[in-house]
Structure formats: C-alpha cells, structure tokens
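Below you'll find the structure, written out as structure tokens, and then a few comments.
Please treat every number below as a calculation from the coordinates, not as lab data. Computed from a predicted model, the values in this text were never measured in an experiment. Quick reminder, even Gly has a Cβ in these numbers, built from the backbone with ideal geometry, and neighbours come from all protein chains shown.
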Amino acid sequence: MTIPPEFNGCENLEFPEFYKKTHTKKSKEWIDPICVVKHSKMLSLREESFQSGVQLTLEEMSRQALGKKKRYILGFGVGPKRSSSSSTPSRVSQDHVGELQKLKAEMEEMKMEREELRRQLEQERRERKEERKEREEEQKQIAYLTSLVTEFLKKKTQMHKSSIHHDGAMYSTGSTNTC
C-alpha cells in the first residue's frame, strides 16, 4: 500500500514506522501511552511474520495490533477501507449466510413436504384405480346375475305358459267329453 503524499516523507516507511511518526510529538514523545503498547505489538507481529515466512499485509497488521472499528481500519484513518481479501467475513456477509442457510433449510423442508404429498397423491390414485376395478367387477357380476335371473324367468314363464296351455287343452278336451 502506498501512503498518500500529504504525510510528508512517510511514503517509504513500513507500517510500524509510519505509525510511530504519526503518533509522536516533535519531541519524539508518544501522544498517548497506549500508542507505545500498540507500536510494540506491531514490531513483534512484524518479527513473527518474518520468522514464519508469512508476510502480513498492512491491513492485517493494523487489525491485529490496533483492533478494528466499523467502516475503517485503525491506523489508516477513514480513507482506506478493508480489502476484499480479508479472511474474516463482514457482518453483512454473515447475516446473508445465515439467511441463505435458513432459506436452504426451508427449501429442503418444502421439498420433503412436496415429496410426501406426491407419495400421498400416488397412493390415492392407486386406491381409486383399485376401487374402480372392484366396481367394474361388481358390475360384471351384477350383469351376469341379471342375465341368469332373466333367463330363469323366461324359462319359468315359458313353462308356466306351456302348463297353462297344456291345462287349458285338457279342460277343453275334457269338457267336450263330459257333455
């Protein structure tokens, strides 16, 4: 990160030196006793990063040594904003992640409910189809029984007519003989 030119000669300083230059008086006295502690923290962080071989960015060093404040990075003033490469997600992102997880859970629940309804619908279709088959079978049986009864009644009627006709012939022949 380059330091803006308005800091008069601070352009090439590392962050701890920049911090010291901007937080000391002309008499080299710290403007606040806490600044000494924060500067020491920066120096130890820089040393640790050199030893580990992992270089801290200016923003990471600022966050670790100075802490975080909403909407700006301590030590950099209100100008620079957090880099997008920060490993810590912002609160807004965390809120969105939480909301997204909630929506995914609701969506999964809705999928399960839909699947259960689909299974119930399929079961009802099978039951209706089975009931329809049973009704058709019953109607076939009724039609068969009706045809049997009809046939029986026809035969019975024919036998009765033939019996009446036969009896009537007897009476008529019998009455001619009796006179």
Query raised in the report: Around residue 114, with a cut-off of 13 angstrom between Cβ atoms, what is the net charge of the other residues, counting Lys and Arg +1 and Asp and Glu -1?
Result: -4
Query raised in the report: If the chain between residue 121 and residue 99 were fully stretched, how many nm would it gain, using 0.36 nm times the residue separation less the Cα-Cα distance?
Result: 4.7 nm
**Report entry** Environment charge at residue 32 (Cβ cut-off 13 Å; Lys +1, Arg +1, Asp -1, Glu -1)
**Finding:** +2
